[in-house]
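Below is one structure, written out as structure tokens; the observations come after it.
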Amino acid sequence: MDNAWANKYPAAAVKDSFVPKEDYLSHDFAAYEAERLWPRVWQVACRLEEIPKVGDFVTYEILDDNILIVRTSDTSDGISAFHNVCAHRGRRLVEGSGHVTHFQCRFHGWRYALNGKTAHVVDRHDWKECLTDEEASLEPVHVDSWGGFVFINMSEDPLSLKEFLGPLRERCERFEFEKLRFKWYKTIVVPTNWKVALEAFDESYHVQTTHPQLLEWAQDRSQSVALGDHSMFWYPPEPGRKSRYGPSPRLPNRPERPAREYILEHYEEIYHQLDAMVTPRSYAAAQKLLTEVSADAPEPEVWTKLMELRIKAAQDEGAGWPELDDEYIRNSGANWHMFPNCVYLHLNIDGLLWYRARPLSGNDPNTCLFDVWSLGRYGPGLEPKLERAYYPDYKAVAWGRILAQDFGNIPEVQMGMKSRGFKAARPNPFQEIAIPHFHRTLRQFMADGN
Ligand code: FES
Ligand SMILES: [Fe+2]
């Protein structure tokens, strides 16, 4: 194919410690993504629990395209997706989310069944033979789900979702994301490129400066690993360090304290300052450590006790717990980048923190929509009612300390990168390989195929 962009933005221009700044700043690169990324890639559109009943729908906006996802039957594959546009003269069909028995356009009243087929064309006889049922139906979009997430793909013949997810699916499937439900759902508009916002959550290298409080309790030095089109980071055992918990070697001369205190204080910070990943149940279990294990108990014993308490509390509540062994948990890493636009932290098992970034415009690389989702594992009937909060001004969100620290950097990065004095990003090739890998994959994906 004739793809002048592919020559202009070759994947080989990205090195392990070099990412061209044009990927974040160029209007032309944003146009390249609008043409070659978003219409061709699998992307998370919503969660299955947003459309539990037949007739429930949500819409997913990506640049000029708006996709309508609807539950059409009670079976696990009873989900359809269509371009959210009336086949008559192009009025957008529905807005936001809701429940319908059929879709009816508000302009001239054309109707569509939940499966997208034409149900009624007002005065159809006027067309005589020149309007087929197919032409009068909604335009379908590929849809599939994994882990309770509904994915759409606008290309004609995409790779299967299973193949697309590849190693990410294999290493995370047993966490049973499909059993999680939204605790909270926030969408913000951020004045940065979508990749700048996403990458702020795609490495642990910033923790030592951006979140210094976390150094008191837990290891922060991670290894970033590319896996297929995706990537993850994990915390490898550090030489000279006995355990994952306890002050970072970056903090010299800290007196050693009981392992149970480090774990509890770390849980406390995440629970109160992030309101995600550590569930109330798990926080209560961590508090019980003060009476359930002795002050001199070594970390493995404290950790085993904590997991016992957490699993028992989840089972008592009816929330259940996935079947996981230590090796599977270790191989699943701590933080994943799902190509192209999601990042998640799943390691707390009954609490998941998920980020999704999207450009707001195919012509403007400086602004994005950013979703932050906290999901938890609940007993039957204990799931909170879903409320989606939307903030056109990202500064209006009262995040806890941790996300406030992250958002203190994000717009500053976009502004800083525009400087004539900034030539390219120089990611850490051990702790931040996810970032060059992402840009290489992105450029390659856009160059490949028809
Ligand atoms: S545009 Fe929808 S019925 Fe005319
Ligand atoms: Fe952070």
- Rounded Å value of the spacing that divides the Cα centres of the stretch 374-417 and the stretch 68-144: 34
- Using only the Cα atoms, what convex hull volume per residue in Å³ does the chain have? 154
- Sorted largest first, the C-alpha extents of the stretch 1-159 along its principal axes in whole angstrom are 60, 38, 25
- Rounded to 10°, Cα long-axis angle of helix 27-36 versus longest principal axis of the chain: 70
- Message: I need the calculated FRET efficiency for the pair Glu156 and Ala113, taking r as the beta carbon distance and R₀ as 22 Å, to the nearest 0.05.
- Response: 0.45
- Taking Cα atoms, the helix 299-317 axis meets the longest principal axis of the chain at an angle in degrees (rounded to 10) of 40
- Item | Theoretical ellipticity at 222 nm over the chain - DSSP helices of four or more residues, -39500 (n - 2.57) apiece, nearest 500 | -8500 deg cm²/dmol
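How big is the charge dipole of the stretch 239-358 about its Cα centre, in debye rounded to the nearest 20, if each Lys and Arg gets +1 on its Cβ and each Asp and Glu gets -1 on its Cβ? Walk me through the numbers before you get to the answer.
Numbers: 15 positive and 18 negative charges, 103 e Å.
Roughly 500 debye, rounded to the nearest 20.
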- Note on the structure: Taking a crude spin-label model, label points 7 Å out from Cα along the C-beta direction, the Ala295 to Val397 distance in nm is 4.1
- Treating the angle as unsigned and between 0 and 90°, give the value, to the nearest 10°, between the Cα long axis of helix 434-447 and the longest Cα principal axis of the chain. 20
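Express the carbon and sulfur contribution to the solvent-accessible surface of the chain as a percent, rounded to the nearest whole number, probe 1.4 angstrom.
50
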- Message: What distance in nm separates the two pseudo spin-label positions at Leu251 and Glu95, each 7 Å out from Cα along the beta-carbon direction?
- Response: 5.0
- Query: What FRET efficiency do you get for Phe430 and Asp133 if R0 is 45 Å and r is their Cβ-Cβ distance, rounded to the nearest 0.05?
  - Reply: 0.20
- Quick one: which of 429-442, 13-26, 399-412 comes out on top by average Cβ neighbours within 10 Å, and what's the full order, highest first? 429-442, 13-26, 399-412
- Note on the structure: the chain accessible area per residue, 1.4 Å probe, protein heavy atoms, integer Å², reads 45
- Query: Given just the C-alpha atoms of the stretch 225-347, how large is their convex hull per residue in cubic angstrom?
  - Reply: 144
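The values are calculated or read from the model by the stated rules, or taken from the named source; none is laboratory data. All figures in this text were calculated on a predicted structure; none of them were measured in a lab. Cβ: placed from backbone, ideal geometry, glycine included. Neighbour counts: every protein chain shown. Note: areas computed on protein heavy atoms with side chains; ligands, DNA, RNA excluded. Shrake-Rupley method; radii C 1.70, N 1.55, O 1.52, S 1.80 Å.
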